[in-house]
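Worksheet: the structure to be examined is printed underneath.
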Amino acid sequence: MKEEMKKWQTQSSKDKVCFYLIMRGIAFCYTKESGIVFEASASFVNRMSDALVMAYGCSLRPIINEVK
């Protein structure tokens, strides 16, 4: 069963989030107003959030919100 892709947005830890998305081939766009916007499954976002804290040096878990 394939997970539903959703649109996500973040202004937190932009450099590390960009690096993580680029290394995994996830397309994203960036504007000053919106921050980083990308499409992914909820499980991917949860794994990314965990990895950014445990392996990529984020001191706080990035705030990643679903775009409605």
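The values are calculated or read from the model by the stated rules, or taken from the named source; none is laboratory data. Since we're looking at a predicted model, the values are computed, not measured. No Cβ is skipped: glycine too gets one built from the backbone with ideal geometry, and neighbour counts run over all protein chains shown. Only protein heavy atoms, including side chains, enter the accessible area calculation; ligands, DNA and RNA are left aside. Shrake-Rupley method; radii C 1.70, N 1.55, O 1.52, S 1.80 Å.
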Inset, instruction - State all residues of region 32-61 that are at pLDDT 95 or above and in contact with a strand residue (DSSP E or B) (Cβ under 8 Å, 6 or more places away or on another chain); if no residue qualifies, say none. - result: 35, 36, 37, 38, 39, 40, 41, 42, 45, 48, 49
Legend entry - Subset of region 48-68 [exposed (fewer than 11 other Cβ atoms within 10 Å of the Cβ) and among the basic types (Lys, Arg)]: 68
Legend entry - Within region 1-47, considering residues that are open to solvent by less than 60 Å² (accessible area, probe 1.4 Å), of a type in the set (Phe, Trp, Tyr) and not in a helix (DSSP H, G or I), the one farthest from residue 68 (Cα to Cα): 38
Inset, instruction - Scan region 41-68 and report the pairs whose first residue is farther than 24 Å from residue 2 by Cα and whose second residue is assigned to a loop (DSSP other than H, G, I, E, B) and charged (D, E, K, R), with Cβ atoms within less than 7 Å and a gap of 6+ or a chain change. - result: 53/61
Legend entry - Positions within region 14-39 being under 17 Å from residue 57 (Cβ atoms) and of a type in the set (Asp, Glu), in sequence order: 15
